[in-house]
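The values are calculated or read from the model by the stated rules, or taken from the named source; none is laboratory data. Since we're looking at a predicted model, the values are computed, not measured. All Cβ positions, even for glycine, are placed from backbone atoms using ideal geometry, and neighbour counts span all protein chains on display. Calculation scope for accessible area: heavy atoms of the full protein, side chains included, ligands and nucleic acids excluded. Shrake-Rupley method; radii C 1.70, N 1.55, O 1.52, S 1.80 Å.
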Amino acid sequence: MGVGVRKFLLLLFVFVVVLLCVAGLVAVTMPTSALEARVALDAAMSEWTALGGLADPPKPAPVARKDNAAVLYGRAFAMLRPRAGEPQLAPLADAARVGQDTDERANAVAVAREAAARPDCVWDTTAFDGVDVTRLAGAIAAAAAARAEQGDTVTTLEHVEALRGLARHLRADPRIELFVYSLLVENAALDALVLTFRDRDLPIEHAPGLLSHEDYRELAHQALVRHGAVGLKRIDEQEHREERILQDKADFLRWMSDQLRALRRPYTAGEVPGASGETPRWMSLLTIYPDRKLIFATEARARLLGVAVDLRAWEARHGEYPATWPMPADPFSGKPLCYERRNEGFVLSSEAGFVTDWAWD
């Protein structure tokens, strides 16, 4: 064996020894907590993805400003925002001021209807600073009720469609708080429909096209999946040690996975999935957590309204309400919702007691 070959082998041997020493030093000096955090994160990520969770936030398609419904919604919000330092109007407030408020609400509703008709909506991150979405939803619902009182069926239904459009636009955003806003808007639409079909006796043939057949728990699942990816990105942006970031992400994903699983089981009062009695460090990244009671109540109310419409249609054909009726499941208990025929009408209710009884005469 030549001298050159021996020198090469010797240098190779020294290089391998040095490499092994460096690797061993890294393994010895790496904190055990960081290794454990990495293992915990891998396990939590596997569980999260198995439940349909995303690792990366969805990227909204670019929308030209002139086509973005959020621009119009922002204008409607501004019209309804309380003026700084202005007291609440008293019942006997100045008639001119009340008239001005009425005009502002009418203008805001008109703008909101125009926005709801647009297919795309990408919200600005600051769009909801100091804005009460329910104020706009309430104005649209009130306008629908007023039109129903006047017998204007067409405009009434168009206002309800505007509420549904606003809810859909809110759900297009990955933030969980906007999904919660969308449920509040959906409930305003349900209230408007109940008022018009029950109290204003709007002809029942108009109802089927307005009913929502969406699975609100599935919508909540999608919102959580999107928001989970956003939360992971926010944790990554924190200036902390690696092991803390890893642990925070693992804890966050476990909590979010608990939320996803909880959507598929009956509601238990006071239950907060994933709660351990201690507020996690990452909780500050969530401005609001998914309100399961609101999710389940919205779905139950939508189902009750669908049943009410079917019963009213039955009564129109047969001259009376049926003695029994096949009822959908109550999201709160998993048992069928309740139907009872009474005198000339009926009552719909939830055995779990979380949904107000609905009496239709």
Subject >> Ala172 being under 30 Å from Ala313 (Cβ atoms) and of a type in the set (Gly, Ala, Ser) >> reply: no
**OP:** Return yes or no: is Ala229 at pLDDT 85 or above and in contact with an Asp or Glu (Cβ under 8 Å, 6 or more places away or on another chain)?
**Re:** yes
**OP:** Kindly list the number of the only condition in (1) open to solvent by less than 60 Å² (accessible area, probe 1.4 Å); (2) of a type in the set (Gly, Ala, Ser); (3) modelled with pLDDT of 85 or more that fails for Ala34.
**Re:** (3)
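Given Trp314, Trp325, Trp360, which one is of a type in the set (Phe, Trp, Tyr), at pLDDT below 90 and touching a strand residue (DSSP E or B) at 6+ places or on another chain (Cβ under 6 Å)?
So the residue among Trp314, Trp325, Trp360 that is of a type in the set (Phe, Trp, Tyr), at pLDDT below 90 and touching a strand residue (DSSP E or B) at 6+ places or on another chain (Cβ under 6 Å) is Trp360.
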Original post:
Hey, among the residues in segment 48-71 that are in a helix (DSSP H, G or I) and open to solvent by 50 Å² or more (accessible area, probe 1.4 Å), which one's nearest to Leu224 (Cα to Cα)?
Top reply: Thr49
Original post:
Say we look at segment 315-349 and pick out the residues that are aromatic (Phe, Trp, Tyr) and under 34 Å from the mean Cα position of the chain (by Cα); which of these is surrounded by the most Cβ atoms within 10 Å (Cβ to Cβ)?
Top reply: Phe332
Original post:
Do we find that Asp132 is at pLDDT 90 or above and either surrounded by fewer than 22 Cβ atoms within 10 Å (Cβ to Cβ) or among the polar types (S, T, N, Q) (or both) in this structure?
Top reply: no
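Matching residues to (1) at pLDDT 80 or above; (2) crowded, with 18+ Cβ neighbours inside 10 Å; (3) more than 24 Å from the chain's Cα centre (by Cα):
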residue	(1), (2), (3)
Cys121	yes, yes, no
Ala139	yes, yes, no
Asp152	yes, no, yes
Tyr181	yes, yes, no
Asn187	yes, yes, no
Pro203	no, no, yes
**OP:** Collect the residues in segment 241-267 that are loosely packed, with under 14 Cβ neighbours inside 10 Å and in contact with a helix residue (DSSP H, G or I) (Cβ under 9 Å, 6 or more places away or on another chain), keeping them in residue-number order.
**Re:** Arg241, Glu242, Arg264
Subject >> Selection from segment 237-263 of residues that are over 20 Å from Ala223 (Cβ atoms) and out of contact with any Phe, Trp or Tyr (no Cβ under 9 Å at 6 or more places or on another chain) >> reply: Glu237, Glu239, His240, Arg241, Glu242, Glu243, Arg244, Ile245, Leu246, Gln247, Ala250
Original post:
Among all residue pairs at least 6 apart or on different chains, which show Cβ distances below 6 Å where the first residue, located in segment 40-51, is on the phi > 0 side of the Ramachandran plot and the second is among the charged types (D, E, K, R) and surrounded by 13 or more Cβ atoms within 10 Å (Cβ to Cβ)?
Top reply: none
Original post:
Scanning segment 205-226 for residues that are modelled with pLDDT of 70 or more and among the charged types (D, E, K, R), which turns out nearest to Arg168 (Cα to Cα)?
Top reply: Glu214
